[in-house]
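So the structure is just underneath, and the comments pick up after that.
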Amino acid sequence: MKTILIRNAEIVTMNANEEIIRGDIYIEDDIIKAVGPNLNVDRVDKMIDGTNRTVIPGFVQTHIHLCQTLFRGKGDDLELMDWLKQRIWPLEASHDEESIYYSAMLGIGELIQSGTTTIVDMETVHYTDSAFQAIAESGIRALSGKVMMDKGDEVPLPLQENTYDSIQNSVDLMEKWHMYEGRIKYAFSPRFVVSCTEALLREVSELSRTHHIHVHTHASENQGEIALVEHETGMRNVTYLHHLGLATDRLILAHCVWLDDEERKIIKENGVHVSHCPGSNLKLASGIADIPTLLDHHVSVSLGADGAPCNNNLDMFNEMRLAALIQKPVYGPTAMNARAVFKMATIGGARAVGMEREIGSIEVGKKADIAILNLRDFHTYPSFDVDPISRIVYSATRADVETTIVNGQILMENRLMRTLDKEIVLHEANKSIKRLLRKIPHLSVSR
């Protein structure tokens with residue numbers, strides 16, 4: 001048994017009463033065993049001094065593409081469909097096993113550094129096993145899956161797959177990785193309606209029901225995308241997914257920028273989870289999702305950074321701040337307050353992945369997934385008589401994260417990575433993107 005004691009910290013619990021206390025956290029193996037002031041613990045393997053530190057539940061990001069981290073800076077200033085066709089699909093088609101591994105490691109390193117402990121990740125068509133290997137080695141908690149694409153004339157040949165192979169490969173990955181070490185889960189990941197046949201989506205719906213596995217897809221991100229779906233199916237995105245039996249509490253929909261009243265009703269009544277990605281939606285000029293209305297209707301909403309080439313970072317602090325600010329000009333200054341946004345980043349994300357009883361708050365019996373912040377700096381002071389959550393959402397940055405713990409394992413301590421070698425990852429990431437660009441030289445800025 002391994003034990004950790006964090007002593008004398010400010011603890012933002014996010015429990016049912018949203019208590020903020022001064023005290024200690026005692027961890028045995030992967031579980032929080034005690035939380036409170038002046039805990040009486042005789043011996044521990046690891047003592048962390050929490051004086052002048054703020055401890056929070058680790059962030060849960062519910063829409064990430066680790067396979068795209070290598071493409072940071074390669075998809076700037078384009079709208080969604082052009083971004084996909086001109087940049088992202090050709091780049092994903094050039095991937096190999098090694099490049100997927102280091103793309104994932106690069107993204108995971110950034111996520112750990114910024115206090116994210118759980119992700120919902122969508123990979124590309126091939127080499128997903130390499131991404132799972134990176135997830136396993138790094139120690140991050142993840143719900144991940146291979147992307148499924150069995151339709152589309154403009155999709156590069158290496159990304160084109162038939163329906164049977166797409167489903168079989170997904171099932172094989174599920175059987176290998178779902179519940180790996182209790183930290184990794186599988187999610188069926190059809191890319192979006194535009195690139196998936198009805199037969200594939202119906203089978204995903206059945207597999208999700210049979211195996212009780214989450215489904216992670218994009219929906220209603222862009223008006224052009226919606227027009228394509230309506231032309232092909234006669235229905236809007238969410239209505240069509242509901243028609244196919246996919247609208248359940250196992251469904252995570254990224255974006256949902258352009259919903260109509262019927263779609264909002266479907267989402268609410270079926271317990272569908274929405275992943276709000278404000279940074280990506282702004283950069284791709286997709287629009288601003290009407291999150292206050294969804295929250296008013298008690299829809300489950302969480303946050304995600306999306307991929308590095310459409311953001312261009314994976315920073316939850318950035319997403320929280322944007323999520324709060326972009327709604328205020330329309331809904332007024334009290335809309336999307338700091339606590340509402342922080343909920344989305346923590347317990348809201350936990351709810352989306354079906355783990356609200358295990359992660360998302362700092363409580364006895366929950367998994368030890370936490371981040372320790374040092375808010376003792378110019379940009380976060382004065383601290384006197386200021387809500388700590390306001391300091392975190394509006395003032396803090398990812399550079400304020402000192403230590404990140406997942407499943408009771410310290411992944412970063414005092415800004416030093418413990419489970420991956422930063423210099424090797426940076427070197428191999430550059431080497432990998434250089435190799436990929438040789439296959440598609442027209443995308444290189446140095447050609």
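The values are calculated or read from the model by the stated rules, or taken from the named source; none is laboratory data. All values reported here derive from a predicted model rather than from experimental measurement. Positions of Cβ are backbone-derived with ideal geometry, glycine not excepted, and every protein chain shown enters the neighbour counts. Surface areas here come from the heavy atoms of the whole protein model, side chains and all, with no ligands, DNA or RNA. Shrake-Rupley method; radii C 1.70, N 1.55, O 1.52, S 1.80 Å.
Estimated from the Cβ-Cβ distance and a Förster radius of 60 angstrom, the FRET efficiency linking D77 and M179 is about 0.90.
State in Å² the accessible area per residue of the chain; use a 1.4 Å probe, count heavy atoms of protein chains only, and round to the nearest integer.
Working: 17550 Å² over 447 residues.
Spelled out: the 1.4 Å probe surface of the chain, per residue, equals 39 Å².
In summary, the convex hull built on the alpha carbon positions of the chain has an orientation-averaged projected area of 20.6 nm². The mean sequence separation of alpha-carbon pairs under 8 Å and at least six residues apart, normalised by the residue count of the stretch 69-180, gives a relative contact order of 25 percent. For K265, the aspartates and glutamates whose Cα falls under 20 Å of its own Cα, not counting residues fewer than eight places away in the same chain, are E221, E230, D249, D290, D296.
Both numbers refer to the Cα atoms of the stretch 48-87; Rg and Dmax are 17.8, 51 Å. Taking a straight line from the alpha carbon of K439, these aspartates and glutamates sit under 14 Å away, with near neighbours fewer than eight places off in the same chain left out: E92, D96.
Which value, in debye to the nearest 20, describes the size of the charge dipole of the chain about its Cα centre when Lys and Arg Cβ atoms bear +1, Asp and Glu Cβ atoms bear -1, and nothing else is charged?
Dipole magnitude for the chain comes out near 820 debye.
Structure note, pairs K85/K328; K2/K185; K74/K146: Cα-Cα distances above 29 angstrom occur for K85/K328. Seen from every direction in turn and averaged, the convex hull around the alpha carbons of the stretch 34-148 projects onto 9.9 nm². Taking a sphere under 11 Å around the Cβ of V155 and counting the other residues whose Cβ falls inside, with K and R at +1 and D and E at -1, yields a net charge of -2. With the charge dipole of the stretch 302-439 set up from +1 on Lys and Arg Cβ and -1 on Asp and Glu Cβ about the Cα centre, the Cα lying farthest toward the positive end among the listed residues H379, M316, I405 is that of M316.
Across the stretch 19-68, the mean sequence separation of Cα contacts (distance under 8 Å, 6 or more residues apart), normalised by length, yields a relative contact order of 23 percent. Once you list every other residue whose beta carbon is under 13 Å from the beta carbon of L416, what net charge do they have if Lys and Arg are +1 and Asp and Glu are -1? Net of charged neighbours comes to -1.
Quick one: which of 150-161, 105-116, 56-67 comes out on top by average Cβ neighbours within 10 Å, and what's the full order, highest first?
Result, highest mean first: 56-67, 105-116, 150-161.
The length gained on full extension between L426 and T3, counted as 0.36 nm times the residue separation minus their Cα-Cα distance, comes to 149.1 nm. Charge tally for P37 (other residues, Cβ to Cβ under 9 Å; Lys, Arg +1; Asp, Glu -1): 0.
Counting pairs of alpha carbon atoms under 8 Å apart in space and at least six apart in sequence, what relative contact order in percent does the chain give? Present the calculation step by step, with values, prior to reporting the outcome.
On the way: 986 pairs, mean separation 95.8, N = 447.
Computed value for the chain: 21 percent relative contact order.
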